[in-house]
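J.: Before I ask anything, here is the structure I am working with.
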Amino acid sequence: MTETEMSPCSLNDPRPVVRRFQAIPQQEGVGAVVRRSIGRFELKYFDPFLALDEFSVSAPAGFPDHPHRGFETVTYMLEGAITHEDFAGHEGTIATGDLQWMTAGRGIVHSEMPATQGVQKGIRLWIKPLFQTQDD
């Protein structure tokens, strides 16, 4: 069986864009601006992806202590640096070009705050763990 026969999608026949959505800026954390595309009302069924955010934050703003309910995030820093710290004693800083994969345990309290002066920008993909159901 050839590769073309195995795959119902062909790169030679691109699908047209059916609908576009503008990610609207919204406030999250304390003074941080987030533009959410996946995870909005119009785009909420991309299981296992819960949300896709582009964020921009400058000190003293940030994402101070807050709990999570058990999910994973993949963060890629476009500009600046963010320090992550949780109540379990884990701490780390990711800077421009760095990628962080975080598994947030249920009930863990953590923060993400700017590590340098100026604007910190990044993108974050929120992922539902495979063992978690849609209603969980």
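The values are calculated or read from the model by the stated rules, or taken from the named source; none is laboratory data. Bear in mind that the values here come from a model prediction, so they are computed numbers and not experimental data. FYI the Cβ positions are ideal-geometry reconstructions off the backbone, even for glycines, and counts take in every protein chain you see. These area figures cover heavy atoms from the full protein model, side chains too; ligands, DNA and RNA do not enter into them. Shrake-Rupley method; radii C 1.70, N 1.55, O 1.52, S 1.80 Å.
J.: Residue by residue through region 86-102, note down the ones that are in a loop (DSSP other than H, G, I, E, B) and closer than 19 Å to Trp126 by Cβ.
T.: His90, Asp98
J.: Another question, then. What tally of residues in region 84-99 results from selecting those that are in contact (Cβ under 8 Å) with a residue 24 or more places away in the chain and surrounded by fewer than 17 Cβ atoms within 10 Å (Cβ to Cβ)?
T.: 2
J.: Is there a residue being free of Cβ contacts under 8 Å to residues at least 12 places away in the same chain, open to solvent by less than 50 Å² (accessible area, probe 1.4 Å) and not hydroxyl-bearing (Ser, Thr, Tyr) anywhere in region 50-66?
T.: No, because not a single residue in region 50-66 is free of Cβ contacts under 8 Å to residues at least 12 places away in the same chain, open to solvent by less than 50 Å² (accessible area, probe 1.4 Å) and not hydroxyl-bearing (Ser, Thr, Tyr).
J.: Moving to a separate point now. Output the residues belonging to region 100-136 that are at pLDDT below 90, among the β-branched types (Val, Ile, Thr) and surrounded by 12 or more Cβ atoms within 10 Å (Cβ to Cβ).
T.: Thr103, Ile108, Val109
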